[in-house]
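Each remark here refers to the structure printed beneath this line.
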Amino acid sequence: MNSKKDVKEIVVCVTGASGAIYAKRLLEELKKDKSVITSLVVSKMGVSTINYELNQEIDDFYKLADNIYNEDDFYAPIASGSHKFDSAVVVPCSMKSVSAVANGYADNLIARVCDICLKEHRKLVLITRETPLNAIHLENMTKLAKLGVVIMPPVPAFYSFPKTVDDIINFTVGRILDNLGINNNLVKRWGDE
């Protein structure tokens with residue numbers, strides 16, 4: 001059994017942007033790693049998107065995480081910088097959430113977790129979902145990138161010759177895991193045979 005200090009807590013936040021499959025696959029992969037515990041926050045629109053895109057009830061989705069918090073729960077441990085979670089990922093991340101984080105508008109637990117990452121200098125990864133991007137989107141993402149936030153639109157790579165949608169999803173999830181410092185074999189590395 002791992003001691004508490006050997007365990008890494010990763011907060012996974014899901015907004016209403018399209019791409020709930022990325023969150024599902026990420027949680028499935030993190031669940032396999034016994035050195036990781038996950039805390040999950042799903043926005044109200046995220047719940048709708050999970051139901052619509054994955055044809056899955058939210059209670060089944062919640063089973064993929066160790067801890068679940070409501071987006072309005074500012075009494076959750078992860079709502080405080082004194083709670084020592086390691087990193088956070090917003091997957092998928094709507095432009096509304098990007099704007100909230102970039103402008104310090106922590107009106108829900110997702111934005112608050114991101115605000116904590118910024119103020120406590122913890123790893124924050126945003127899987128931004130929008131296309132095309134307007135100048136406001138780009139300005140907000142640039143502001144966050146200058147603060148050290150990893151901005152990662154789910155852009156597939158074709159040097160690995162993906163054959164299925166799962167291959168494309170796995171590539172993005174593997175890169176998310178890389179940025180969170182989690183070993184994985186989902187990504188065909190450049191130069192690997």
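The values are calculated or read from the model by the stated rules, or taken from the named source; none is laboratory data. Predicted model, so just to flag it, every value in this text is computed and none were measured. Protein only, heavy atoms only, side chains kept; ligands, DNA and RNA dropped before computing areas. Shrake-Rupley method; radii C 1.70, N 1.55, O 1.52, S 1.80 Å.
Dividing the alpha-carbon radius of gyration of segment 98-191 by 2.2 N^0.38 Å (N being the number of residues), what value is obtained?
It is 1.20.
On the first, second and third principal axes, largest extent first, how far apart are the outermost C-alpha atoms of segment 124-179 in Å?
That gives 35, 24, 15 Å along the principal axes, largest extent first.
Please state the equivalent ellipsoid semi-axes for segment 1-52: what are the square roots of 5 times the Cα gyration tensor eigenvalues, largest first, in whole Å?
The answer is 26, 11, 6 Å, longest axis first.
Could you look at the chain and say what percent of its accessible area is carbon and sulfur, using a 1.4 Å probe and all protein chains?
Using a 1.4 Å probe with all protein chains present, the chain comes out at 52 percent carbon and sulfur.
Does segment 23-100 come out rounded, prolate or oblate by the C-alpha gyration tensor, with a ≥ b ≥ c the root eigenvalues, rounded set by a/c under 1.5 and, if not, prolate when a/b is larger than b/c and oblate if not?
oblate
What does the accessible area per residue of the chain come to in Å², with a 1.4 Å probe and no ligands, DNA or RNA counted?
That works out to 53 Å² for each residue.
What percentages, rounded to whole numbers, describe P(r) for segment 43-174 computed over all alpha carbon pairs with 10 Å bin width beginning at zero?
11, 37, 37, 13, 1
Taking a temperature of 25 °C and a viscosity of 0.890 mPa s, what whole-number D in µm²/s does Stokes-Einstein yield for segment 90-129 with Rh from Kirkwood over alpha carbon pairs?
249 µm²/s
So how far, in whole Å, is the C-alpha centre of segment 36-52 from the one of segment 7-22?
Centre-to-centre (Cα) distance: 7 Å.
Among LEU138, LEU118, LEU30, whose mean-square fluctuation peaks in a Gaussian network model of the chain (Cα, cutoff 10 Å)?
LEU138
If you find the alpha carbon centre of segment 80-95 and of segment 105-180, how far apart are they in angstrom?
11 Å
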